[in-house]
1. Hey, rough spin-label estimate for B:V279 and B:K227, points 7 angstrom out along Cα→Cβ, what's it come to in nanometres?
2. How fast does the range C:119-179 diffuse by Stokes-Einstein, in µm²/s, taking the Kirkwood radius from C-alpha pairs at 25 °C and 0.890 mPa s?
3. Mind checking the mean number of beta-carbon atoms from other chains within 10 Å of the Cβ atoms in B:315-325?
4. Where the eigenvalues come from the Cα gyration tensor of the protein assembly as shown, what are the semi-axes √(5λ) of the equivalent ellipsoid, largest first, in whole Å?
5. Using 1/(1 + (r/R0)^6) with R0 = 45 angstrom and r between the beta carbons of A:L310 and C:F141, what's the FRET efficiency to the nearest 0.05?
6. Contact order normalised by length for chain A, with contacts defined as Cα pairs under 8 Å and 6 or more residues apart; what percent is it?
7. Hey, got the Cα dimensions of the range B:43-131 along the principal axes, in Å, largest first?
8. Could you work out how far apart the two model spin labels at B:S71 and B:R125 are, taking each label as a point 7 Å from the Cα in the direction of the beta carbon, and quote it in nm?
Amino acid sequence: MNWNLIFTSIFSAIFIKETIFYVLGAQGLNIHYGYTGLMNFGQAGFMAVGAYGLAVSVETFGWSLWVGILVGIGWAILLALLLGLPALRLRGDYLAIVTIAAAEIIRLVARSESTESVAGGNSGINNFAGAFYDLNPWVNTRRYDFGPFSYSGQDLWIQAVGWGVVLLMALLTFLLMRSPWGRVLRSIRENEDAVRSLGKNVYAYKMQSLVLGGVMGALGGIVLAIGNQSVQPDTFATRTTFICYGALILGGAARVWGPVLGGIIFYVAFRGLDVIIRQMEKADIVPESIMTSTQSGVVRFVFLGGALMLLMVFRPQGILGDRKELAFDG
Amino acid sequence: MALALALCTAFVLQPGVMSSMVGAQEPTVDEPAVTTGSPTETDGPAITGVLVNRDDDDSPVGGVEIVVSDSAGEEVGTVVSDDDGAYFLELPAEGEYTAQLIVDSLPDGVTLTDEERTSLTFVVRPGQQKPLLFPFGVDTRNSTGSIDRVLPLTIDGIRLGLLLAMTAIGLSLIYGTTRITNFAHGEMVTFGALAAWYFNQIMNIPLLIAGVLAFLLSGLAGAGLEKGLWKPLRQRGSSLFGLMVVSFGLSILAQHLFLYFFGSRTRPYSDYALQPGGVQIGSATIPPKTFAVIIISLVVLGLVGLFLSRARFGKAMRAVADNGPLASASGIDTDRVVLWVWIGGSALAGFGGVLYSTTQQVSFQQGQTLLLLMFAGITLGGLGTAYGAAVGCFVLGLFIQLSTLVVPTSIKNVGAMAVLILVLMFKPEGLFGRRERVG
Amino acid sequence: MADATGAEPRVVTEADRGGVLPEPGAAKPDPILSATGIERRFGGVVAVDVAHVEFQRHQITALIGPNGAGKTTLFNLLTGFDQPNAGEWRFNGTSLSGVPPHKVARMGMVRTFQLTKSLTKLTVIENMRLGAPDQRGERFFPALVKGLWSSEEDEITARADELLERFKLDHMREEFAGSLSGGQRKLLEMARALMGSPELVMLDEPMAGVNPALTQSLLGHVKALREEGMSVVFVEHDMDVVHDISDWVVVMAEGRVIAEGTPTDIGRNQAVIDAYLGTHHGEDLHPEIVEHRRLEAEAEAEALEQSAEGDSDDDTAERP
């Protein structure tokens, strides 16, 4: 077993763009579910429209990257309005089904050959973020080492900006949730009718929440798209939504830092597990008859499923959560 | 009739072309220009078929050279089609081969439908006579008269609709009785299909019996889940959200366990994969098993319907799904009803998976692709109902298949999910929702 | 029926009847809320079928009736939480047909719920602050800058503290509402409703589940509302309570208004007595049928309510 490699990849994973992707997705879900109680099971869809809005604008329409980012955010707002219009008037579990279906529609349309000329089909869209890396204060191609961390100049730049976005969203969440606006949201989570009876337009607040959290998800998609210089439809499978939920629950919902902490731990564990299993398989600790190299790639998803269930059952309040104040009653 | 046979076998034996998309089966419409020759005396693996030219009223194409090599690249034989367009080449053993069509050998005026498709890689099983798909002539798939495609698509839509109904009744009743939006229900479908596959291919049990065993085993699995997971969670007072997340975790867990042990390849059952006979309808030939699946589904759904409408316990199930507190207040043992809803619903889902896999082959993720269609179907019919769910699913299955007349096959499921969203927008209680239930 | 001025009253005993006839649908001199032809069906069951009813301003009106009479359903309809199949109703002369509940509340008709809807995971003071209408900090962009709403928040808090003191909840100020007793929650809900300075307070069973020690104080608070110029409509079962505080009583049974009058009138009314005993104007209804209808209607109402709000907490609804 190459322990050095294992540790390096685990430590490095703390800051990589994939972690940022899931953290932002989870921050959005924190607004949706953590504070407002909206069961959005289609966060992957919001992340997808962010990423594709950017990529399609640049690649297909030839607009600048910065316009593309605005387009990605705009699409997320549009998607929230489109879904919220029917679904926010309905019972909570209907929203869950509508959002999960919408996210799948987006993925299927993006990967369909009928939209290939726009969305690139199965292989997605690549190399559209040059403008971003032109601004890089580090040297794009150089490798930088800091103790156990090792990143390329490109990685450093997207990580710096990506974590900047995460901090900004955390600040936004903090400011909003200490305000009377946040109080209305938390009250809606507890009991919609009570809030209605006090003269608040619950529907409008839910819509604002859906838009805000959706935009956060879209920013996650945008960061990953720029970081990878690529978008692929299957990045945005339903599984992605649930990795975000796993992160949110682990960190603690309705807490400003819950999704950030949870996102880091959840994704690092998810990725670290994969590295460890592959190392074990390479070192023949697990015999080939029990686990082939194809199978070893599957194991982490088995753990992902198990971890989601166990978390929900045994520690629904997560690390930072207070069961008295907010329990998911898992 | 020979054409019919060839078409269905050609399709069924081509694992590579099976997409994992739901209901991607469009047997005869897809590959109309290839036929096999008549069966020969030999028992060994072989390739066989008849080459015809679609441009010229399916006239035979003779003198075409096909070179076959094994997976190591060693040439194992060459065959030239005769004046009837037929070819036959015995292969040394089962395994993977590549067939190369020599374009220079094509007669003047004959072109491949897909000019790139000169080489095919395929797997031959012991004793299998493998037809190869080398279509000639202009691709007329999407330009054939829609009328010709309507009937076969309708029949396949009926099959898909009935199977969705069978698998989704449990999902709807589970929702009705426990309020769980069970995202792991699709995995029960896969579980049934996989269980039947192990019985059938590993233990050599005929598929009919294997299907019944899978039905029972799925029911048992449903009971285990209810006893070991859902009931304890409900008793703790878990929130709807908690239950949903747990069900999704379970779905990921189960799906990847299937992937781990079964692999990502789609695999057929040993029976009925290659089936003689078939009925020419419109532009397509429907294999007998499609009709068999439709009839079996109708019988099963009929029995379920009888049970739910006549049997005391069946009525109790509907009552609990309709209104738990009221049913409970009138002395119905809700816990027992819920247990049997899990058992029955899971058994039906598993059995539906078996029937589904007779035409689509077994895949570790077939349930997942079906799940959202089931949700769309039962939402259309009315969440929590039994009959409404069945009708909704049936309509949806038909809709999905017929929609391919106008939309590309790759996004036909998008239409189904759009229906889901539209229904919720305009008639959230579904077509047969609770509003008409109290009388 | 509304036009009753010409008829000779059968019994005239109470001075405080104010010239209003003690019969269903009687016209009031200055109604704050009136409803005509209100009908609500759940499937085949008619839950509410009210021909006409008016509620007098500056009075405490009790809405009573046996279980399943449709009182809560009528409440839901009048406050916009449910929509009737037919009918028209006006608050201060403005039609409320199709007006969503939050707008009804903003117009000055605030309600409470039979099953308290305290926001259990907010503190008592947070619950109170939420009750204040039209807060600047409740809008998205101003919310971001504390300076824009902190002074308003201070005013709101001061008013909330006053109310808490009056309702004797000040010692619970920082507790989660979930840790309050049933009676305290009723008090909190009433206090919270008052944060909006309503004209009409609709109380759905304010005394249900409240221990006797608190009942008197609750009654006192309700009476105080009238003294402050508010109008009150409340649903109640307990005839003693009704006698004690109400100026006027409206009796419902099987969805209809079957009687109106002063508490004394109602105590003598044969139709009311019949309704409470489960019979209805000589027509013999087997108690089991009545019970069955009630269960059905209530389960329907509950299911509908749940489907509207997506709230699983009410599964355990107690049915007094």
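The values are calculated or read from the model by the stated rules, or taken from the named source; none is laboratory data. Keep in mind that what you see is a predicted model, and the values were worked out from it rather than measured. As a convention, Cβ positions derive from the backbone with ideal geometry for all residues, glycine included, and neighbour counts pool all protein chains shown. The protein model used for the area step is the full one, side chains on, heavy atoms only, and it has no ligands, DNA or RNA in it. Shrake-Rupley method; radii C 1.70, N 1.55, O 1.52, S 1.80 Å.
1. Computed distance between label sites B:V279 and B:K227 equals 4.4 nm.
2. Here the translational diffusion coefficient equals 202 µm²/s.
3. Counting Cβ atoms of other protein chains within 10 Å of each residue's Cβ and averaging gives 2.
4. They are 62, 36, 24 Å, listed largest first.
5. Efficiency, from the Cβ-Cβ distance: 0.65.
6. Dividing the mean separation by the residue count of chain A yields 31 percent.
7. Principal-axis extents of the range B:43-131 (Cα, largest first): 35, 25, 17 Å.
8. About 1.6 nm separates the two model spin labels.
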